[in-house]
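Report on one structure; see the data block that follows.
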Amino acid sequence: MKFSKNRLKNIMVIGTGGTIAGTGEAGKTLSYQSGQIEVNDLISEIPDLKSIANVTSNELLSIDSCDITGRDWIHIANYINEISAGDEIDGFVITHGTDTLEETAFFLNLTIKTSKPVVITGSMRPSTAMSPDGPFNIFQAVALASSEEAVGKGVLIAFSDVIYGARDIQKISTFRVSAFSQRDLGCLGYIRDDRIYFYSSSTKKHTFNSEFDISKISELPDVSIAPFYAAADFHILDYLREKSKGIILSGAGCGGCSTVWDKKIQEFMMSGFPIVRSSRIANGLVTSEYISQKGIFSNTLSPQKSRILLSLALTQTDSIDKIRSIFEIY
Ligand code: ASP
């Protein structure tokens, strides 16, 4: 894609709901309802937006992001793939609830087939709060989506002056405005007003380099997460195996669990049922070096992101070896 230096970029803002579109008691940050304001009304109230981009909008969903499903992800990805194939839109902003923002971001990072910027944002305070953070986050997200530096970097997140990558972002606060982080992996850069400052980017495969094709599916293979904790009942693994095509172990430390859980996991893997070891710990690696079993390891992906990758992997293969190598690449 060629950006002409002299024209404003055409940015489409896609609404999906969340706190950013929420309303409640005037001035308060609690007791509000997500997804009440249409995206067009959200953007029309932001001063100066017109001076940084030609903005159009489309509402694809209007929900609390805890209600988002695999079908919704497929719908959003297919929509962006369709529009980005044309010449009219130079970049996208998605307004989204913060609770599952990182999951939608990672799914899109693996399934969108464009180098055009796709930036997700949200807010921690509803639009009716005393000092809502939504309008400024949208403004900065549009600035980032208009930036030539954002081209080809995969799905990005603009939140509270910071640029994050879809693979590594995690929500780390239940209510503070600076709600996101990449923990040990820092961030990709900063935004001051509408000025973009990049300092790093992910080395992992994404978007136009990704092998995953969701254009012909409407449902994702069901993958469950099994949370391990001291003295956890191993029967949950049998239950989850019955209902799912794969399991993510949210293990202790570097993907560990008790002897009885280990035995079950070995048994399932030997029969060809995929179990990915990940960790409930926010920082560090889960890799084969620390665990003697021949398994599938999440690397640095959280349990919820491992779930998305395993689900997409299962659209391509049942082979444990192939799934293991997918977890090394993405
Ligand atoms: N429950 C809201 C959501 O994820 C929270 C938020 O947007 O901050 O939709």
Inset, instruction - Please find, in a Gaussian network model of the chain (springs between Cα atoms separated by less than 10 Å), the residue of Glu59, Glu149, Glu242 whose mean-square fluctuation is greatest. - result: Glu242
Legend entry - Ranked list, fewest to most other Cβ atoms within 10 Å of each Cβ, for Ile329, Ile112: Ile329, Ile112
Inset, instruction - Give the cross-link partners of Lys245 among the aspartates and glutamates, using a straight C-alpha distance below 18 Å as the criterion and excluding same-chain residues fewer than 8 apart. - result: Glu219, Asp222, Glu267, Asp318, Asp321
Legend entry - Residues whose placed amide H lies under 5 Å from that of Ser279, excluding near-sequence neighbours: Gly251
Inset, instruction - Please report, largest first and rounded to whole Å, the three semi-axes of the ellipsoid equivalent to segment 179-330, where each semi-axis is the square root of five times an eigenvalue of the C-alpha gyration tensor. - result: 29, 20, 14
Inset, instruction - Please order Cys66, Cys254 by the number of other Cβ within 10 Å, starting at the fewest. - result: Cys66, Cys254
Inset, instruction - May I ask you to compute the full-extension gain from Glu149 to Leu30, defined as 0.36 nm times their residue separation minus their alpha-carbon distance, rounded to one decimal in nm? - result: 39.2 nm
Inset, instruction - Pull out the extension gain between Arg183 and Glu88, defined as 0.36 nm times the separation in residues minus the alpha carbon to alpha carbon distance; nm, one decimal. - result: 30.5 nm
Legend entry - Cα gyration tensor, segment 1-96 - rounded (a/c under 1.5), prolate or oblate: oblate
Inset, instruction - Obtain the nm distance between the two label points defined at Glu211 and Leu285 by a simple spin-label model: each point lies 7 Å from its Cα along the Cα-to-C-beta direction. - result: 2.2
Inset, instruction - Would you list the membrane-span-like helices of the chain, meaning whole DSSP H runs whose alpha-carbon atoms span at least 20 Å along their axis and whose mean Kyte-Doolittle value is at least -1.0? - result: 70-84
Legend entry - Spherically averaged projected area of segment 274-330 from its Cα convex hull (nm²): 3.6
Legend entry - Value of relative contact order over the chain, rounded to a whole percent, pairs C-alpha under 8 Å and six or more apart: 14
Inset, instruction - Kindly provide the helix-only [θ] at 222 nm of the chain, computed as the sum of -39,500 (n - 2.57) over DSSP H runs of four or more divided by all residues, to the nearest 500 deg cm²/dmol? - result: -8000 deg cm²/dmol
Inset, instruction - Take every DSSP beta bridge whose two residues both sit in the chain, then give the antiparallel share in percent to the nearest 5. - result: 35
Inset, instruction - Using a Gaussian network model of the chain whose springs link C-alpha atoms within less than 10 Å, name the residue from Gln33, Gln170, Gln140 with the highest mean-square fluctuation. - result: Gln33
Legend entry - Distant-in-sequence amide H partners of Ile225 (H built 1.01 Å from N, under 5 Å): Ile248
Inset, instruction - At 7 Å along the Cα-to-beta-carbon direction for both Ser115 and Glu45, put a label point, then send me their distance in nm to one decimal. - result: 3.9
Legend entry - For the chain, the spread of Cα positions along each principal axis, largest first, Å: 61, 45, 35
Legend entry - Net charge, Phe139 excluded, C-beta distance under 9 Å - Lys, Arg +1, Asp, Glu -1: -3
Legend entry - Backbone N under 16 Å from the Thr69 label point (7 Å along Cα→Cβ), restricted to segment 196-226: 217-223
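Only the coordinates and a few stated rules stand behind these numbers; no lab work does. Quantities reported herein were computed from a predicted structural model and do not represent experimental measurements. Ideal geometry is used to build each Cβ from the backbone, glycine not excepted, and the neighbour counts take in all protein chains shown.
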